[in-house]
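First comes the structure, then the notes that go with it.
The values are calculated or read from the model by the stated rules, or taken from the named source; none is laboratory data. The structure presented is a predicted model; accordingly, all values stated were derived computationally and were not measured. FYI the Cβ positions are ideal-geometry reconstructions off the backbone, even for glycines, and counts take in every protein chain you see.
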Amino acid sequence: NAGVMQNPRHLVRRRGQEARLRCSPMKGHSHVYWYRQLPEEGLKFMVYLQKENIIDESGMPKERFSAEFPKEGPSILRIQQVVRGDSAAYFCASSPLTGTDTQYFGPGTRLTVL
Amino acid sequence: SQELEQSPQSLIVQEGKNLTINCTSSKTLYGLYWYKQKYGEGLIFLMMLQKGGEEKSHEKITAKLDEKKQQSSLHITASQPSHAGIYLCGALPAGGATNKLIFGTGTLLAVQP
């Protein structure tokens with residue numbers, strides 16, 4: 001049973017470009033979470049999605065950031081018009097159910113904005 | 001808002017020594033998770049605690065949650081170089097109304113051979 005997959009593992013963008021980060025949850029998991037780890041800071045929640053629904057986006061910046069989890073295919077975290085402050089490690093996690101179900105993390109995508 | 005504080009921030013131990021990492025919450029915890037992160041990699045799930053006074057062990061790692069559910073400790077017995085990494089505690093906020101994990105600042109562990 002493959003774990004949570006994320007791609008790309010490393011992504012370099014110039015200021016103003018778009019970044020698309022992909023996450024495929026573990027088999028049988030229908031809940032996806034995105035977290036961001038800024039340099040010298042802890043891991044912070046961004047958004048929680050189920051298939052075709054955003055459940056909690058309280059941690060998402062109001063502008064330039066969006067997330068989706070379509071019926072078919074991976075979850076996508078999209079960052080438009082990237083700025084240097086967006087440089088961070090972005091982690092995706094998945095769980096089979098909600099509540100106290102353990103969230104299993106992917107290896108992360110390290111975004112560098114030049 | 002709920003905050004998690006971990007101590008110590010970093011720790012260097014000789015191989016074979018025991019060590020303890022603490023995680024303290026400002027509010028009652030609904031669920032407490034321990035993860036390990038190797039530099040530049042993702043988080044590996046270690047253990048989850050939910051009941052006050054609960055204790056779980058896996059190989060040489062033991063995690064405990066106090067009766068008040070506001071403090072957890074992670075104890076490693078006879079440390080090995082493979083235990084090196086960043087240990088993170090994560091918690092579901094009290095009330096259990098949300099699935100977003102709040103994380104501590106992490107404890108960096110180095111084990112000297």
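Considering (1) surrounded by fewer than 17 Cβ atoms within 10 Å (Cβ to Cβ); (2) modelled with pLDDT under 95; (3) within 26 Å of residue A:88 (Cα to Cα), the lone condition that residue B:91 does not fulfil carries the number (1). Of the residues making up segment A:10-28, those that are outside any strand (DSSP E or B) and surrounded by 15 or more Cβ atoms within 10 Å (Cβ to Cβ) number 2.
Can you work out which of the residues in segment B:1-48 that are among the basic types (Lys, Arg) and surrounded by 15 or more Cβ atoms within 10 Å (Cβ to Cβ) is nearest to the other protein chains (Cβ to nearest Cβ)? Outline the logic, then answer.
Filtering segment B:1-48 down to residues among the basic types (Lys, Arg) leaves B:17, B:27, B:36, B:38.
Within this subset, residues satisfying the condition of being surrounded by 15 or more Cβ atoms within 10 Å (Cβ to Cβ) are B:27, B:36.
Details: B:27: 16, B:36: 11 Å.
Selected residue: B:36.
Looking at this structure, is residue A:24 among the hydroxyl-bearing types (Ser, Thr, Tyr) and in contact (Cβ under 8 Å) with a residue 40 or more places away in the chain? It is true that residue A:24 is among the hydroxyl-bearing types (Ser, Thr, Tyr) and in contact (Cβ under 8 Å) with a residue 40 or more places away in the chain. The residue pairs whose first member lies in segment B:63-78 and is without any contact (Cβ under 8 Å) to a residue 60 or more places away in the chain, whose second member is aromatic (Phe, Trp, Tyr), and whose beta carbons are closer than 6 Å, counting only pairs six or more residues apart or on different chains, are B:63/B:34; B:74/B:34.
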